[in-house]
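Input: a single structure, listed below in structure tokens.
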Amino acid sequence: MRQILLISLAIVLLGVLAFGAWTVREYRAFLDRPLLEQGEARLWLPAGGSLASAVRDLERLGLTRADWRWRLLGRQRAADLAAGEYAIESGMTPTAWLDRLVEGEIVRHRFTIIEGWTTTELRAALRRDSRLAREAADLDDQSLMSRLGCDCPPEGRFLPETYFFQRGDSDLDLLERARAALDDALAAAWLDRRDALPLDTPDELLVLASLVEKEARVAAERARVAGVFVRRLERGMRLQTDPTVVYGLGPEFDGRIRRIHLRTDHPWNTYTRHGLPPTPIALPGRAALQAAAQPADGDALYFVARGDGTHQFSATLAEHNRAVNRYIRGRN
């Protein structure tokens, strides 16, 4: 009888040892096995979400099974998890993914505001971005700027840069960051401006920078273009820059500027009116702000596009007319 008991105990012990060995082997294989062999998946963890709920979402994605192995791993790495969107990349193991959750490594998206965009183009791009929650999309311009704490027109008031955000952040949050960045960049440019510029306020510098942004396609010409505008302002000459005419036409512009457009008066038409237009005509970047604050010296009062992104600068009207004949009218 005693022999039978010892044999039974030995069998049980062997079974326990075998089960233990199998458990260790399975757990180690689980820790080393990628959740995803190829591609990438995303998981959204809501506020108050737990590892258990996240694993159930992984199971619904077909990436794992919500079983004892995850419960054991969770006990080893217990922690409060931050809400947000988490990436699951190819080759990522359960341990690496849990580390990502514990560290709060939430996916960061990017949105780039392009230099020279108008505010209308910016807002259209924001509406197309489904990753952002919509708070500003249905606001008119005046209501938008009121929400942003600025009693000013929206044009030119958002700094072109790349902004990072998390899924679920709002378009209003992003615009607030871009507006604050513009304020800082404009204040810095105004503080660093050249002496005796024909500008009375930072807002006038912003308007000038927007003209430079639209006219200068080559970085090396920004300060030269700004210099032309500044010299014309100092001499009381009209700026006569086509982008202001196009901006004033708005949706009516069909892509081709005509003489009738240059002669049709409106507040932004710098062919019919002296001085700067009443508002910026685009979103100027840091380089355009710097060029407006530190325009290049010289004697040029005119420039004309060569057709390759650069300009021919001229000091006299006769030189300018010859350049127009060559580059615009195709005559030598």
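Here's the yes/no breakdown for (1) in contact (Cβ under 8 Å) with a residue 24 or more places away in the chain; (2) out of contact with any helix residue (DSSP H, G or I) (no Cβ under 9 Å at 6 or more places or on another chain):
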residue	(1), (2)
Glu115	yes, no
Thr118	yes, no
Asp140	no, yes
Leu148	yes, no
Arg157	yes, no
Thr162	yes, yes
Ala178	yes, no
Leu197	yes, no
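Table: residues versus (1) of a type in the set (Lys, Arg); (2) modelled with pLDDT of 95 or more; (3) more than 26 Å from Leu206 (Cβ to Cβ); (4) in a loop (DSSP other than H, G, I, E, B).
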site: Met237; (1), (2), (3), (4): no, yes, no, yes
site: Asp254; (1), (2), (3), (4): no, no, yes, yes
site: Ile260; (1), (2), (3), (4): no, no, yes, no
site: Trp268; (1), (2), (3), (4): no, yes, no, yes
site: Tyr271; (1), (2), (3), (4): no, yes, no, yes
site: Pro277; (1), (2), (3), (4): no, yes, no, yes
site: Asn325; (1), (2), (3), (4): no, no, yes, no
site: Arg331; (1), (2), (3), (4): yes, no, yes, yes
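Residue-level analysis places Arg224 outside the set of residues that are under 22 Å from Ile328 (Cβ atoms) and not in a helix (DSSP H, G or I). For the stretch 274-307, the set of residues classified as farther than 29 Å from Ile113 by Cβ, buried (at least 16 other Cβ atoms within 10 Å of the Cβ) and not small (Gly, Ala, Ser) consists of Leu301, Tyr302, Val304, listed by residue number. Of all the criteria given as (1) in a helix (DSSP H, G or I); (2) at pLDDT 95 or above; (3) touching a His at 6+ places or on another chain (Cβ under 9 Å), the one not satisfied by Ala287 is (3). Contact annotation: residue pairs with Cβ atoms under 6 Å, 6 or more positions apart or on different chains, pairing a residue in the stretch 308-320 that is in the same structural domain as Thr241 (by TED's automatic domain parsing) and assigned to a loop (DSSP other than H, G, I, E, B) with a partner that is surrounded by 12 or more Cβ atoms within 10 Å (Cβ to Cβ) and small (Gly, Ala, Ser), are Ala315/Ala300. One residue stands out in the stretch 114-173 among those that are over 17 Å from the mean Cα position of the chain (by Cα) and small (Gly, Ala, Ser): the one that is nearest to Gln290 (Cα to Cα), namely Gly149.
Residue-by-condition table, conditions (1) out of contact with any strand residue (DSSP E or B) (no Cβ under 6 Å at 6 or more places or on another chain); (2) surrounded by 14 or more Cβ atoms within 10 Å (Cβ to Cβ); (3) not basic (Lys, Arg):
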site: Asp184; (1), (2), (3): yes, no, yes
site: Trp190; (1), (2), (3): yes, yes, yes
site: Leu208; (1), (2), (3): yes, yes, yes
site: Lys214; (1), (2), (3): yes, yes, no
site: Arg231; (1), (2), (3): yes, yes, no
site: Leu239; (1), (2), (3): yes, yes, yes
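Between Arg157, Arg167, the distinction of being among the basic types (Lys, Arg) and surrounded by 20 or more Cβ atoms within 10 Å (Cβ to Cβ) belongs to Arg157 only. Within this structure, Val218 fails the test of being surrounded by 17 or more Cβ atoms within 10 Å (Cβ to Cβ) and of a type in the set (Val, Ile, Thr).
Applying the condition of being in contact (Cβ under 8 Å) with a residue 40 or more places away in the chain and of a type in the set (D, E, K, R) to the stretch 57-107 and asking which residue is farthest from Leu31 (Cα to Cα) yields Glu85.
The values are calculated or read from the model by the stated rules, or taken from the named source; none is laboratory data. Just so you know, these numbers come straight off a predicted model, no measurement behind them. No Cβ is skipped: glycine too gets one built from the backbone with ideal geometry, and neighbour counts run over all protein chains shown.
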